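Everything on this sheet refers to the single structure shown next.
The values are calculated or read from the model by the stated rules, or taken from the named source; none is laboratory data. A quick note: this is a predicted structure, and the numbers were derived from the prediction, not measured. Counting neighbours? That spans all protein chains shown, and the Cβs are built from the backbone with ideal geometry, glycine included.
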Amino acid sequence: MATIKYIDQAGGETVLAVPAGTSVMQAAINNGLPGIVGECGGSAMCATCHVYVDEHDIHKFEPPGAPEREMLECTSAPLRETSRLGCQLAVREGDMITVRLPESQQ
């Protein structure tokens, strides 16, 4: 299992325990967490699963590839150095990560 902590704009926290291999986006969708839309179903085609990965956790993921970087340019919320698409972030066994949700996904 892995643990993902989601922090919304108001500072509210939701902590989910999920199986290894689950994406940050899919975990949120499966648990009805508001703030992540995932309109394309995880194909990196819509940017509605934009998250800000905690700076202490960003090293746990491979850097974004060209398609993800291109889609990040389409987000409605400002980009940050730690901006990623949640659909491209699969957690590993034992991971404990924190992501912040942007103000808007659309």
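Are any of the residues in the range 25-47 more than 13 Å from T98 (Cβ to Cβ), among the polar types (S, T, N, Q) and touching a strand residue (DSSP E or B) at 6+ places or on another chain (Cβ under 6 Å)?
yes
Among the residues of the range 84-95, are any surrounded by fewer than 13 Cβ atoms within 10 Å (Cβ to Cβ), of a type outside the set (D, E) and more than 13 Å from the chain's Cα centre (by Cα)?
Among the residues of the range 84-95, at least one is surrounded by fewer than 13 Cβ atoms within 10 Å (Cβ to Cβ), of a type outside the set (D, E) and more than 13 Å from the chain's Cα centre (by Cα), which makes the answer yes.
Return only the number of the condition from (1) β-branched (V, I, T); (2) more than 10 Å from the chain's Cα centre (by Cα); (3) surrounded by 15 or more Cβ atoms within 10 Å (Cβ to Cβ); (4) at pLDDT 95 or above that V15 does not satisfy.
Result: V15 passes all but (3).
So the check is Cβ under 8 Å with 6+ separation or different chains; which pairs have a first residue in the range 2-28 that's without any contact (Cβ under 8 Å) to a residue 60 or more places away in the chain and farther than 21 Å from E39 by Cβ and a second one that's among the aliphatic types (A, V, I, L, M) and part of a strand (DSSP E or B)?
Going by the 8 Å Cβ cut-off, the qualifying pairs are E13/I7; V15/I4; A17/A2; P19/A2.
Residue by residue through the range 74-100, note down the ones that are over 20 Å from P34 (Cα atoms) and either in contact with a Lys or Arg (Cβ under 8 Å, 6 or more places away or on another chain) or part of a strand (DSSP E or B) (or both).
Across the range 74-100, the qualifying residues are R92, D95, M96.
Kindly evaluate V37 against the criterion of being of a type outside the set (D, E), in contact with a helix residue (DSSP H, G or I) (Cβ under 9 Å, 6 or more places away or on another chain), at pLDDT below 95 and surrounded by 13 or more Cβ atoms within 10 Å (Cβ to Cβ).
Yes: the conditions hold for V37.
Output the residue which, of all residues in the range 19-34 that are of a type in the set (A, V, I, L, M, F, W, C) and surrounded by 20 or more Cβ atoms within 10 Å (Cβ to Cβ), is nearest to S76 (Cα to Cα).
Among those residues, the one meeting the criterion is M25.
Filter the range 32-73 for residues that are over 20 Å from T3 (Cβ atoms), in contact (Cβ under 8 Å) with a residue 40 or more places away in the chain and outside any loop (DSSP other than H, G, I, E, B) and give the result.
Answer for the range 32-73, where residues must be over 20 Å from T3 (Cβ atoms), in contact (Cβ under 8 Å) with a residue 40 or more places away in the chain and outside any loop (DSSP other than H, G, I, E, B): just H50.
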